[in-house]
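Reviewing the structure listed below.
Here, each number is a calculation from the coordinates, and none is a lab measurement. The model shown is predicted, which means the values in this text are computed figures rather than measured ones. When we count neighbours, we look across all protein chains shown, and the Cβ atoms used for this are built from the backbone with ideal geometry, even at glycine.
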Amino acid sequence: MPLPIAPLLGFLSDNLTKRRSVMPMSSRKTTRWAAGLDIPAGGETVLYTGLMYQIIPALTSSEKTMSLVQDSWVGQLLSFGRTVNRFVNLTSFMPPADRQEQKRYDQYLRNIVQLLRKAGVTEFGYLYGSELYTGALVRDLGVDDAFEQHARKVHKMLDRQGVRRVITVDPHTTDMLRNVYPKLVPGYNLEVKSYLEVLRESEARPKNRLESEAVIHDSCLYARYLDTVEQPRRLLEKAGVTARDPEFSGKMTFCCGGPVESLFPDKAGEIAGRRIKQLAEAGNDVVTMCPICLHNLEKAASGNGVSVRDISELLLQAYGG
């Protein structure tokens, strides 16, 4: 028996409206990845994570819980649960995220900081606990009112912090801040680039040649709406990595199964499984550049001999020395 959709969407929109994220987490958890990196607080140019990498392990835990209750009578109590969630954050009662997975996703953000610094890009800060989730998931699922209200909050925060330029770490945050927010927020004038674009423009030089191959899974947002297709390939090729393209790539890339895994886990798994088969035909070492893609494809690849990695891990091996 599938879970009722309306209460689930209500959970997400209520959390965004009342707690500023679909998966509310303490600032201690969302900022601990930056410990010891000595990134200045704030500034006109900031690295903006949008909390995407940080919340994936928590979403994984939530998905597991939802899959356990979807075929039981408990799932039918979600409407009541949504009412309670308006007053009490029920997310805090979910099983905690796996510590090793959280540490791994935090490390990807540390990789990005190290890559930028190795490329000579050092003049950027971080907003730490002031940073907000962009609302990407709620927007993708069509909850427009809550999303538009939140977009204005994010812009107000950035304006108050004096931010003028943003370096993003994932395609969803990049798309929100570059393409979507300007259509909704009057006076929006931020310069937004992904770290992959910044690295490519910096003419970063690899310290190690890897002499390997990698199959590229293009993020649909990067490829179709952000013109970020050649940048990751050139960065890899300069490092001695032969980039392999599957049957569907570039602007014609195939879906990873996200971001509907929260509502339709079985369908998301089916789509991710099809994508893994396509990728495996080009090779067994797959590279992603989106935390949602990484999450879905890793699950689908489990046990079939395909390795799925975040591109920051591979780039750091080459450019980090």
- Note on the structure: Residue-ordered couplings for the range 181-190, obtained by feeding phi - 60° into the Karplus form 6.51 cos²θ - 1.76 cosθ + 1.60 and rounding to whole Hz (Gly and Pro as x), are 4, x, 7, 10, 10, x, x, 6, 9, 6
- Task: Mind checking the full-extension length gain between residue 165 and residue 245? Use 0.36 nm per residue of separation minus the Cα-Cα distance, one decimal, nm.
- Result: 25.6 nm
- What are the residues whose amide H is under 5 Å from the amide H of residue 242, where those residues sit 5 or more places off or on another chain and H is modelled from the backbone? 212, 213, 214
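Counting alpha carbon pairs within less than 8 Å and at least 6 residues apart, what relative contact order, in whole percent, applies to the chain?
On the way: 529 pairs, mean separation 64.3, N = 321.
Once normalised by length, the contact order is 20 percent.
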- Item | Highest-first arrangement of 179-186, 273-280, where packing means the average Cβ count within 10 Å | 273-280, 179-186
- Item | Net charge dipole size for the chain [Lys, Arg +1 and Asp, Glu -1 on Cβ; Debye, nearest 20] | 780 debye
- the range 116-264: C-alpha gyration tensor shape, a/c 1.5 cut-off, then a/b vs b/c: oblate
- Message: Running a GNM on the chain with Cα contacts under 10 Å, which residue among 35, 214, 300 ends up with the highest mean-square fluctuation?
- Response: 35
- Query: Over the range 206-319, what is the relative contact order in whole percent, taking alpha-carbon pairs under 8 Å and six or more residues apart?
  - Reply: 32 percent
- Task: Take peptides 301-308, 282-289 and line them up by average Cβ neighbours within 10 Å, highest first, as a rough protection proxy.
- Result: 282-289, 301-308
- Task: Would you mind getting me the FRET efficiency between residue 149 and residue 45? Use the beta-carbon distance for r and R0 = 30 Å, nearest 0.05.
- Result: 0.65
- Query: Between their Cα atoms, which of 29/153; 18/299; 153/193; 18/267 are more than 24 Å away from each other?
  - Reply: 18/299; 18/267
- Taking the Cα centre of each part, how many Å lie between the range 120-186 and the range 256-291? 26 Å
- For residue 282, other-chain or 5+-apart residues with amide H closer than 5 Å (H placed, Pro excluded) are none
- Stretch gain in nm, segment residue 277-residue 208, where the contour uses 0.36 nm per residue and the Cα spacing is subtracted: 21.8 nm
- If a helix is a whole DSSP H run, which ones in the chain reach 18 Å or further along their own axis (Cα) and hold a mean Kyte-Doolittle hydropathy of at least 0.0? 5-19, 52-69
- Query: How large is the helix-only mean residue ellipticity at 222 nm for the chain, computed as the sum of -39500 (n - 2.57) over DSSP H runs with n ≥ 4, divided by its residue count, in deg cm²/dmol to the nearest 500?
  - Reply: -14500 deg cm²/dmol
